[in-house]
Amino acid sequence: MEIFDPAEVWPRERIAAIQLSRLKSVTAQARKCDFYRERLDEAGIGPDSLRSLDDIRRIPFTTKQDLRSQYPTGLLCVPPAQIVRMHCSSGTTGSPTAICHTRNDINTWADLMARCLYMVGVRQEDVFQNMSGYGLFTGGLGIHYGAERLGCMTIPAGAGNTRRQIKLVKDFRTTVVHILPSYALIVGEQLRAAGQDPRSLPLRIAVVGAEPYSDEFRRRIEDLFAVKVYNSYGLSEMNGPGVGFECDRQNGLHIWEDAYLAEIVDPESGAPVPDGEVGELVMTSLCREGMPILRYRTRDLTRFLPGDCPCGRVHRRMDRILGRADDMFIIKGVNVYPMQIEEVIMTFPEVGQNYLILLENDGIGDRMRVQVEVRDEYFVEDMRMLHNLQKNIARRLRAEILVTPQVELVESNSLPCGEGKAVRVKDLRADK
Ligand code: ADP
Ligand code: ZN
């Protein structure tokens, strides 16, 4: 196996030893800001308190609200002059948070990112087109630095402007792209609508992440472009992309444990969940000096996958993100995640690239409407076929989530789609 960094194949004992020593040093570093010094003092955690990895549970959680309260630079742990860059979260769930990085932080991050890309076969000879937004969003520069570190010609295409994206792919013979899942299908459909075959592009790998998507969605992108799709997970609070990444086995995302300490906890109680059970991912940055973050409640739901990966890396794997805790909605007493719905509707070949879940209250009770785009070639078919499709989708959804939604079939490209992360649910209920 070719590796980018020897740490990828460290045995468990070595990973654990590094984690403990880095946990101690990052906790000491965190004390350089008032916020963490006070928090750690309150919890009675001094320089010698952390003796084993389990002692991490004595450290209080850090929440998004904490980060907001310390915005912009309350968590800074180095003299301001040592900061070379800042990034913000996309603000998907509220006001953004800012993270400041030193030169070392940026270097470590680029190495981690390069490690991810190398793991799935990206090499210096590749032409890498980054179709995600640049600017404050970490999916731009974060991925960019990793691809450049590998020596790829890296095209900072940014988000949107599909015609130009396609032209760049063709003109520069792009072999690897980084793209949002929702946008990937849009690019593919636009090509097809123009009478071109997306499979004839020179692409071979697509790095896809930044928002949840189902395995069914992955398969669609793979088929559409004849590429391999690898899931990429990260969050700005933990630098950005490069936190978790699938290897060539496509069976879960390895979390780079020499740089991050991951826990999965019960979102209500904060207690660790038994291995293999779904809970909230909690992350500690083990290497960051500019703004270390301890035990960050990501709000992302996933589970650790049991067993070792056949690829030989022992860095723990997590399942693809089921959704954000904030994305879960309750309808008629049932907890539902958008991904459960996506998983079902994307198995229908007639279904196009976009869908939207609407939650409404008509005065009598809650109602769920699922608007589903139908591919052009099917939309012109007879009414009976559409009616059957509608019924079948509703039936399969009911089997999955135990609630019968009202399914509406709409034309391709009729649902709203922006350049950023897709909005899958609109909750229009007054009393939510
Ligand atoms: P925001 O929370 O404002 O979107 P970020 O830009 O930092 O801020 O995005 C990080 C979040 O994006 C993660 O916490 C997670 O919810 C989501 N995310 C990132 N990568 C993935 C992925 N591969 N699968 C599912 N969700 C992802
Ligand atoms: Zn693996």
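Taken together, the criteria place Glu216 among residues that are modelled with pLDDT under 95, open to solvent by 10 Å² or more (accessible area, probe 1.4 Å), under 14 Å from Arg320 (Cβ atoms) and of a type in the set (Asp, Glu). Put simply, of Ala147, Ala81, Ala159, Ala114 the only residue that is open to solvent by 60 Å² or more (accessible area, probe 1.4 Å), in the same structural domain as Ala210 (by TED's automatic domain parsing) and hydrophobic (A, V, I, L, M, F, W, C) is Ala81.
Of all residues in the range 19-60, which are among the polar types (S, T, N, Q) and either touching a strand residue (DSSP E or B) at 6+ places or on another chain (Cβ under 7 Å) or farther than 11 Å from Leu294 by Cβ (or both)?
Gln19, Ser21, Ser25, Ser49, Ser52
Of the residues contained in the range 384-402, one or more are found to be open to solvent by 40 Å² or more (accessible area, probe 1.4 Å), touching a residue at least 60 places away in the same chain (Cβ under 8 Å) and farther than 28 Å from Ala159 by Cβ. Restricting Glu257, Glu280 to those that are assigned by TED's automatic domain parsing to the domain that holds Leu53, away from ligand 2 (no atom under 16 Å from the Cβ) and either assigned to a loop (DSSP other than H, G, I, E, B) or of a type outside the set (Gly, Ala, Ser) (or both) reduces the list to Glu280. Go through the residues of the range 286-296 one by one and say whether even a single one is part of a strand (DSSP E or B), of a type outside the set (Val, Ile, Thr) and open to solvent by less than 50 Å² (accessible area, probe 1.4 Å). Yes, there is a match, as at least one residue in the range 286-296 is part of a strand (DSSP E or B), of a type outside the set (Val, Ile, Thr) and open to solvent by less than 50 Å² (accessible area, probe 1.4 Å). The set of residues in the range 188-226 that are among the aliphatic types (A, V, I, L, M) and closer than 30 Å to Thr298 by Cα comprises Ile205, Ala206, Val207, Val208, Ala210, Ile221. Restricting attention to the range 259-285, the residues that are within 25 Å of Ala17 (Cβ to Cβ), touching a helix residue (DSSP H, G or I) at 6+ places or on another chain (Cβ under 9 Å) and open to solvent by 10 Å² or more (accessible area, probe 1.4 Å) total 3.
All conditions but one from (1) touching a helix residue (DSSP H, G or I) at 6+ places or on another chain (Cβ under 7 Å); (2) farther than 29 Å from Glu411 by Cα; (3) surrounded by 21 or more Cβ atoms within 10 Å (Cβ to Cβ) apply to Tyr233; the one that does not is (1). Of the residues making up the range 302-319, just one is open to solvent by 40 Å² or more (accessible area, probe 1.4 Å), of a type in the set (Lys, Arg) and within 16 Å of ligand 2 (Cβ to nearest atom), namely Arg316. Every test in (1) farther than 19 Å from Gly323 by Cβ; (2) touching a residue at least 12 places away in the same chain (Cβ under 8 Å) is passed by Asn161 save one, and that test is (2).
State all residues of the range 162-177 that are touching a Phe, Trp or Tyr at 6+ places or on another chain (Cβ under 8 Å) and either in a loop (DSSP other than H, G, I, E, B) or open to solvent by 10 Å² or more (accessible area, probe 1.4 Å) (or both); if no residue qualifies, say none.
Selection gives Thr174, Thr175.
Just to be sure before I move on: is Arg320 among the basic types (Lys, Arg), touching a residue at least 12 places away in the same chain (Cβ under 8 Å), within 12 Å of ligand 1 (Cβ to nearest atom) and assigned to a strand (DSSP E or B) in the structure I sent? Answer is no for this residue. Return the residues of the range 274-313 that are among the aromatic types (Phe, Trp, Tyr) and under 21 Å from Val26 (Cβ atoms); say none if nothing qualifies. Residue satisfying the conditions is Tyr296 alone. Of all residues in the range 348-378, those satisfying the criterion of being buried (at least 17 other Cβ atoms within 10 Å of the Cβ) and modelled with pLDDT under 90 are Gln353, Tyr378. The residue of the range 356-374 that is farthest from Asn413 (Cα to Cα), among those that are in contact (Cβ under 8 Å) with a residue 40 or more places away in the chain and in contact with a Pro (Cβ under 9 Å, 6 or more places away or on another chain), is Ile357.
Suppose the filter is under 20 Å from Tyr233 (Cβ atoms) and within 16 Å of ligand 1 (Cβ to nearest atom); does Ala114 pass it? When the stated conditions are applied, Ala114 does not pass them.
With a requirement of 3 or more residues that are touching a Ser or Thr at 6+ places or on another chain (Cβ under 7 Å) and within 12 Å of ligand 1 (Cβ to nearest atom), the strands (runs of 3 or more DSSP E) lying completely within the range 204-252 that satisfy it span 205-209.
Given the structure, is Arg299 open to solvent by 60 Å² or more (accessible area, probe 1.4 Å), within 16 Å of ligand 1 (Cβ to nearest atom), within 14 Å of the chain's Cα centre (by Cα) and touching a residue at least 24 places away in the same chain (Cβ under 8 Å)? Judged against the criteria, Arg299 is a match.
The values are calculated or read from the model by the stated rules, or taken from the named source; none is laboratory data. These figures come from a predicted structure and were not determined experimentally. With ideal geometry, Cβ positions are generated from the backbone for all residues, glycine too; neighbour counts draw on all protein chains shown. Accessible surface areas use protein heavy atoms only, side chains included; no ligands, DNA or RNA. Shrake-Rupley method; radii C 1.70, N 1.55, O 1.52, S 1.80 Å.
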